Each structure stands twice: as C-alpha cells, then as structure tokens.
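Here's the structure, in structure tokens; my notes come after.
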Amino acid sequence: MSAHGDVDLGHTVAGWTGTTLAILGSLGAGAALCAGWEPGVWLGLALVAAAAVVTWLLHLAGWGKPSGPRPSPARDWRVRDGVARTGHADCLGCRMSGGRRAAAAGPAAGPRGAAALPAAAESGAGTSG
C-alpha cells in the first residue's frame, strides 16, 4: 500500500512522458532566457507544446487513462487502456480526434447540476420544494 492509500493517482505512460517533456522544455526555455539566447527560448517553448501533443497521442494510443478512478488491477502505469481505441465518454481529447472515437464517445453530457450528485439527492438539494 502506498502512502496515499488505495487511490488512483493517474500515473500513466502518457502522463509521465508529457510531464518529463514539459519540464525539460521549461528548463531549456528558462536557461536560454537567463543566457539571453532567444532561439533557445523558442525551442524550449516548442518542446512544451510538443509535450501536450505527445501526451494526447499517447492517450489516444491507450497509454493514458479515462476520467475517474480505474479498478485496482489497472492502476499500474504500464497497463494499457483497452477502451481508448473506441474513445472515452466525456473525454475532450477523444472527441477532438474525431471519426470513430467521437461517435463512440457520444455527445457530451450536459452540465452537471447538484441534483446529479448522490449526496445532493439524499439531502434534497437541487429540488424546489
């Protein structure tokens, strides 16, 4: 058991790769800024932008995770997400990829109100009465 208890912290190949690239790009841009090397600043910022694209592509390839917690056996960062092939419901990245993914994910659910929450339904919140 980890120090955080039995929770899904979302560690994935896509997450670790994107974070590493973004940190390297930020460090490179910062070092270039301190050195006064303008092309280096732009290269570092380009690496940060590339980190977002690489993370998105890895998510679509199944190396990310859907929204919400995963079952305990699927929480290891080396486990691929089998649902990613058809798209995740309520996932902006899957909808942006278009095609079959957008159709499989379906239209975005409307805004979630307080009445959709279990605690709100029990306490009577969100009802006019």
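The values are calculated or read from the model by the stated rules, or taken from the named source; none is laboratory data. Note that the coordinates shown come from a computational prediction; the quantities given were computed from them, not determined experimentally. Glycine also receives a Cβ, built like all others from the backbone with ideal geometry; neighbour counts cover every protein chain displayed. Just so you know, the surface numbers come from the protein's heavy atoms only, side chains and all, with ligands and any DNA or RNA stripped out. Shrake-Rupley method; radii C 1.70, N 1.55, O 1.52, S 1.80 Å.
Taking the listed residues 101, 80, the one that is touching a helix residue (DSSP H, G or I) at 6+ places or on another chain (Cβ under 8 Å) and modelled with pLDDT under 85 is 101, with no other qualifying. Taking every residue in the stretch 62-75 that is modelled with pLDDT of 85 or more and pairing it with any residue that is part of a loop (DSSP other than H, G, I, E, B) and open to solvent by 50 Å² or more (accessible area, probe 1.4 Å), at least 6 positions away or on another chain, the pairs with Cβ-Cβ distances below 6 Å are 62/80.
Can you tell me how many residues in the stretch 42-91 are more than 12 Å from the chain's Cα centre (by Cα), closer than 13 Å to residue 13 by Cα and open to solvent by 80 Å² or more (accessible area, probe 1.4 Å)? Going through the stretch 42-91 one residue at a time, the tally reaches 3.
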